[in-house]
2 protein chains.
Amino acid sequence: MTVSATERAIGILDSGVGGLTVAREVMRQLPRETIYYVGDTARCPYGPRSTEEVRRYTLEIVEFLMSQPLKAILIACNTATAAALQAVRERVSVPVLGVIDPGARAAIKATQNHVVGVIGTQGTIESGAYEQALRRIHPHLTVHSLACPAFVPLVESGYRHTELADRIVHDTLQPLKKTELDTLILGCTHYPLLADAVQKAMGSDVNIISSAEETAVELSTILQHQGLLTMMKAPRHRFFTTGEAEPFAQIAEDWFGYPIEVEQIALSESDAAGLKTQTW
Amino acid sequence: MTVSATERAIGILDSGVGGLTVAREVMRQLPRETIYYVGDTARCPYGPRSTEEVRRYTLEIVEFLMSQPLKAILIACNTATAAALQAVRERVSVPVLGVIDPGARAAIKATQNHVVGVIGTQGTIESGAYEQALRRIHPHLTVHSLACPAFVPLVESGYRHTELADRIVHDTLQPLKKTELDTLILGCTHYPLLADAVQKAMGSDVNIISSAEETAVELSTILQHQGLLTMMKAPRHRFFTTGEAEPFAQIAEDWFGYPIEVEQIALSESDAAGLKTQTW
């Protein structure tokens, strides 16, 4: 079956449920577009893994996605963007977007005093990807980065609405409270699920940047400039997970506010080239 | 002299000084990039002119700009974007951006109740360009449009800080106060110079969208995806006007907060093809 370019889906991938924050923004800002989402829940979190491993996992998901009729790929995971954006771009012919550059751009737009903070997983922070993205565009920024390894497990385990979550967020962010930052990038797609706690911990004067919103704008921009926006009105999204479908569906329903159907897939681990075998 | 692609300038054009709001945002968000700005002050305002005339004028400016080493063109005028974006794209090989799509995208991101207002010149509002841009992306929006023909003369004549300006803005916007809009697009690049008066007239709950900020983000996105961001650190901007250099320089200094040098050019009127002769 041939599907015209504009009617193809947008592939969105993440280590787990965090990328659903991006998927939700894409649905909200581009309500005509169809989404195929893959959450690699079985191997989540990506944060503590080596760059090479994250790149291999990402390429495996991309290979699965490219077997579907797609017009763009969105890596809705900061760790995977830092590790694999370039590698994915080299392998596919459709536009590939990450979440780091849109977040950097939004922070540059928002900051008045040119002091910006970034929080993310260990992998994202150690990669220095945000500092690079920010300074690539704006040479006169001061950037403070902080790894928050406890945040992803908090979200994936469904504890985000608890008092414990508030306290962990508050305590973790203390080092950034001592800086002059006026803008803080949520450099992990799980973190918008903790945005209220982060805003409370940092104070109401700090601009909190969610990559999710900005990445959806950037996707809209790229699709339009390439003539790829659809005119359809009734998209049929699909959600895939490498883990158990049930807990994934529960978190997604909590986040979207309505039930979704989740399909389980298996991506067999392949060699370092990352593009060999898979079964599902 | 050959200039490498990334080191070329960004050409920004407007009917007058309004596009300086966009130029300022580009300088703020992309401080490495060089800008060549043309304000067609001698033929301002474009708002009441016919589509064909605005298209011809725009193409004349584009021809002048393309004689310079450029890597992108930004039509920083809503009237000219509505009339000539497509025609300019057909004639040049560099990326061409308008101000309408970025403003539409930002409104879609900002609105919660899906009721959006647009104010602009007569030409922009009559073209229906914003409604089209908004509905192209989001089919479920209610859009209220209002032409505000008094606003551009207010800004170009330097009266924007007066009580009269506040009153004109307040009275003009009354029809929109009766709607449920939660987001208002400043659909003319002169209007950010009246943003405070507009916010006061509409109330603090309404999101005021400046195309300027969003267009700079979109330019950043397109340049990056095409590998065109520069690594230079000391850009040398140039400002051209078809009118008197002195009043242009005064308004620009008022807006930028520092003096700029303005060069006067003459674009001779040519035939409808718009790409014949010019002298300066």
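Structure data summary
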{"quantity": "For segment A:140-150, 3J(HN,Hα) per residue [Karplus equation, 6.51 cos²θ - 1.76 cosθ + 1.60, θ = phi - 60°, Hz, x = Gly/Pro]", "calculated": "10, 9, 9, 10, 10, 10, 8, 7, 10, x, 7"}
{"quantity": "Other-copy label distances relative to A:Pro175, 7 angstrom Cα-Cβ extension, nm", "calculated": "5.7"}
{"quantity": "Shielded by partner chains, segment B:11-37 residues - at least 50 Å² of accessible area, 1.4 Å probe, vs chain alone", "calculated": "B:Arg28, B:Gln29, B:Pro31, B:Arg32"}
{"quantity": "Alpha-carbon centroids, segment A:73-99 and segment A:104-119: separation in whole Å", "calculated": "22"}
{"quantity": "For B:219-228, mean number of other protein chain Cβ atoms within 10 Å", "calculated": "5"}
{"quantity": "Cβ-vector label at 7 Å, A:Pro48, separations to other copies in nm", "calculated": "7.1"}
{"quantity": "Span from the segment B:18-35 Cα centroid across to the segment A:1-33 one, whole angstrom", "calculated": "32"}
{"quantity": "Label point 7 Å beyond Cα along the C-beta direction, distances from A:Val115 to other copies (nm, shortest first)", "calculated": "4.2"}
{"quantity": "Accessible area buried at the B-A interface, both sides summed, 1.4 Å probe (Å², nearest 100)", "calculated": "3000"}
{"quantity": "Overall Cα dimensions of segment A:21-136 - principal axes, largest extent first, Å", "calculated": "46, 36, 25"}
{"quantity": "Length released on extending from A:Glu52 to A:Arg135, taking residue separation times 0.36 nm less the Cα-Cα span", "calculated": "27.4 nm"}
{"quantity": "Dipole of segment B:100-211 [Lys/Arg +1, Asp/Glu -1 at C-beta], most positive-end residue of B:Leu176, B:His161, B:Thr111", "calculated": "B:Thr111"}
{"quantity": "Quarter of Cα convex hull surface for chain A, i.e. mean projection, nm²", "calculated": "14.1"}
{"quantity": "Whether segment B:164-251 is rounded, prolate or oblate, judged on the alpha carbon gyration tensor where a/c under 1.5 counts as rounded", "calculated": "oblate"}
{"quantity": "Accessible area (Å², per residue) of segment A:97-165, counting only protein heavy atoms and a probe of 1.4 Å", "calculated": "37"}
{"quantity": "Closest approach to the B/A rotation axis among chain B Cβ atoms, residue and whole-Å value", "calculated": "B:Thr221, 3"}
{"quantity": "Computed helical MRE - 222 nm, chain B, DSSP H runs ≥ 4 contributing -39500 (n - 2.57), nearest 500", "calculated": "-12500 deg cm²/dmol"}
{"quantity": "For segment B:96-118, residues shielded by at least 40 square angstrom of accessible area compared with the chain on its own, probe 1.4 Å", "calculated": "B:Arg105, B:Lys109"}
{"quantity": "Residues with amide H under 5 Å from that of A:Asn207, placed H, sequence gap 5 or more", "calculated": "A:Thr183, A:Leu184"}
{"quantity": "Alpha-carbon radius of gyration plus Dmax, which is the widest Cα pair, for segment A:68-174 in Å", "calculated": "15.8, 46"}
{"quantity": "Restricting segment B:138-193 to GluC sites (Glu not before Pro) in coil, as DSSP defines it, with at most 13 other Cβ within 10 Å", "calculated": "B:Glu180"}
{"quantity": "Inter-part distance where segment B:169-185 and segment B:223-242 are each reduced to a Cα centre, Å", "calculated": "36"}
{"quantity": "Percentage relative contact order, chain B, counting C-alpha pairs under 8 Å, at least six apart", "calculated": "27"}
{"quantity": "Segment B:69-119 shape via C-alpha gyration tensor axes, a/c threshold 1.5", "calculated": "prolate"}
{"quantity": "Helix B:163-172 vs. chain B, principal-axis angle (Cα, 0 to 90°, nearest 10)", "calculated": "70"}
{"quantity": "5 angstrom amide H check on A:Gln264, placed H, neighbours 5+ away", "calculated": "A:Thr241"}
{"quantity": "Accessible-area value, B:Trp255, 1.4 Å probe, nucleic acids and ligands omitted, Å²", "calculated": "40"}
{"quantity": "Range of Cα positions in the protein assembly as shown per principal axis (Å), largest first", "calculated": "68, 46, 45"}
{"quantity": "Contact order normalised by residue count of segment A:117-206, Cα under 8 Å, 6+ apart, percent", "calculated": "38"}
{"quantity": "Percent carbon-and-sulfur accessible area, chain A, ignoring ligands, DNA and RNA, probe 1.4 Å", "calculated": "48"}
{"quantity": "HN-Hα J in Hz across segment A:196-203 - Karplus 6.51, -1.76, 1.60, θ = phi - 60°, x for Gly and Pro", "calculated": "4, 5, 5, 4, 5, 5, 8, x"}
{"quantity": "Placed amide H near A:Ala72: partners under 5 Å, 5+ positions off or other chain", "calculated": "A:Gly11"}
{"quantity": "Ranked order, B:Asp166, A:Asp14 - accessible area, probe 1.4 Å, largest first", "calculated": "B:Asp166, A:Asp14"}
{"quantity": "Note, ³J(HN,Hα) from phi for segment A:45-51, Karplus 6.51, -1.76, 1.60, rounded to Hz, x at Gly and Pro", "calculated": "x, 7, x, x, 7, 6, 4"}
{"quantity": "Choice from B:Asp182, B:Asp254, B:Asp101 with maximal GNM fluctuation in chain B (Cα, 10 Å cutoff)", "calculated": "B:Asp254"}
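The values are calculated or read from the model by the stated rules, or taken from the named source; none is laboratory data. Everything quoted here is computed from the prediction, not taken from an experiment. When we count neighbours, we look across all protein chains shown, and the Cβ atoms used for this are built from the backbone with ideal geometry, even at glycine. These accessible areas exclude ligands, DNA and RNA; they are computed on the full protein's heavy atoms, side chains included. Shrake-Rupley method; radii C 1.70, N 1.55, O 1.52, S 1.80 Å.
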